[in-house]
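Below: the structure, in structure tokens.
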Amino acid sequence: MSTFRVDGARALVTGASRGIGRAVARALAEAGADVALSARTGDALKETASLVQDQGRTAVLVPGDLADTARAAHVVDQAAHALGGLDIVVHNAGVLPMEEDGSPVVLPLQESFQRDWDSVLHVNLGATAAVCRAAHPHLAASPRASLVLMSSVAGVVGAPRMEAYAASKAAQISLVRSLATGWARQGIRVNALCPGWTRTDMTAFAYGSGPLSDWLMGHVPLGRWAEVTDVAAATLYLASPASAYLTGHALVLDGGMSVPDGGLAGTPKPPSPFVAPAPAPVPAPSPHAGPLAAADAAR
Ligand SMILES: NC(=O)c1ccc[n+]([C@@H]2O[C@H](COP(=O)([O-])OP(=O)(O)OC[C@H]3O[C@@H](n4cnc5c(N)ncnc54)[C@H](OP(=O)(O)O)[C@@H]3O)[C@@H](O)[C@H]2O)c1
């Protein structure tokens, strides 16, 4: 079990103010890392910092809006400066397109707006490139460097009505594969984690609704939502020496959702809340006339 420990490692976690990022920060600290924490919301970062400190590790706050790519680079450099270098970077910050009332935009591409596409790609992919670029010199100087991008199963299987999100997450997987080969001889491992439906603020619109949650979980063979601790455990594996021979990989952590299960073991699915029920079929007219028509109708 000692290969899962990251004692003395210097880690940066983005999107650490809540949800998956907070759980990842806590898990890294429990495994022995000091952790720099980034997000836009300073007060929430302080709560994550206290979870890190409860594990006896150092927490430093490097707040910033990663949509500002210059700021994103500065966040990475600040983290490295505060911790004396970086061995682990978990770039986890990410967004769904949001309506003005805070609910997610769930619309087919042809009905959505270019501004939704642009904002999601800017944060989920543009900031990813900026973080990776800035992290490179720090990770190259580390003897145990691991970069983890928090992608999504949506990047593997696609997500109708969430095309921008899915495309941004697929692009992260592509970037992982490119960087992994480019940076391998510099001792930097690069992997993606692709969670399925996980209970966080991002998905509160779905797990808070019985029928929608039931329908979504009908497509998950394990039949339940992932908890943030499930995702944190897999992230720790990717960040730690336990995965020392793994690079360029996209680890899918989705309760089996991406395995086609339409065959003999197909799990019964509730009806989709997005599709109107099909009208009842109209019986074909009887080919018989006269007395036989009544017998046909009875059949
Ligand atoms: N939940 C799921 O089902 C699921 C599934 C697959 C993949 N993921 C991925 O996992 C990651 C974390 O998701 P989550 O569910 O934990 O979401 P969440 O609860 O909404 O948390 C998102 C985190 O990202 C930060 N963030 C968002 N925009 C930012 C920006 N412009 N600059 C800096 N930080 C920003 C947020 O902090 P502030 O708001 O304080 O800035 C927050 O800490 C995301 O990349 C998401 O795509 C989630």
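The values are calculated or read from the model by the stated rules, or taken from the named source; none is laboratory data. Nothing here was measured: the structure is a model prediction, and the numbers come from that model. Because the Cβ atoms are built from the backbone with ideal geometry, glycine has one as well, and the counts that use them run over all protein chains shown. Surface areas here come from the heavy atoms of the whole protein model, side chains and all, with no ligands, DNA or RNA. Shrake-Rupley method; radii C 1.70, N 1.55, O 1.52, S 1.80 Å.
Here's how it looks for ALA36: its modeled amide H is under 5 Å from those of ALA11, LEU12, VAL13, VAL60, which are all 5 or more places away or on a different chain.
Positive end of the dipole of the chain (Cβ unit charges, origin at the Cα centre): among ASN124, ALA134, GLY218, the Cα lying farthest that way belongs to ALA134.
On the beta carbon distance between ARG133 and PHE274, with R0 = 30 Å, the FRET formula returns roughly 0.20. Under a 5 Å amide H cut-off, with hydrogens placed 1.01 Å from N, ASP254 pairs with GLY196 among residues at least 5 apart or on other chains. Residues of the chain were split at every exposed loop site, defined as chymotrypsin sites (Phe, Trp or Tyr not before Pro) in a DSSP loop with at most 13 other C-beta atoms within 10 angstrom, and the longest piece left, sites excluded, is 114-244. A dipole drawn for the chain from +1 and -1 charges on Cβ atoms has a positive end, and of GLN78, ALA180, ALA250 the residue lying farthest that way is ALA180.
Of all DSSP-defined beta bridges confined to the chain, some 5% are antiparallel rather than parallel.
Across the chain, the relative contact order, built from alpha-carbon pairs under 8 Å that are at least six residues apart, equals 17 percent. Measuring nothing but protein heavy atoms, the accessible surface of the chain at 1.4 Å probe radius is 59 percent carbon and sulfur. Using only side-chain charges placed at the Cβ, +1 for Lys and Arg and -1 for Asp and Glu, the dipole size of the chain relative to its Cα centre rounds to 760 debye.
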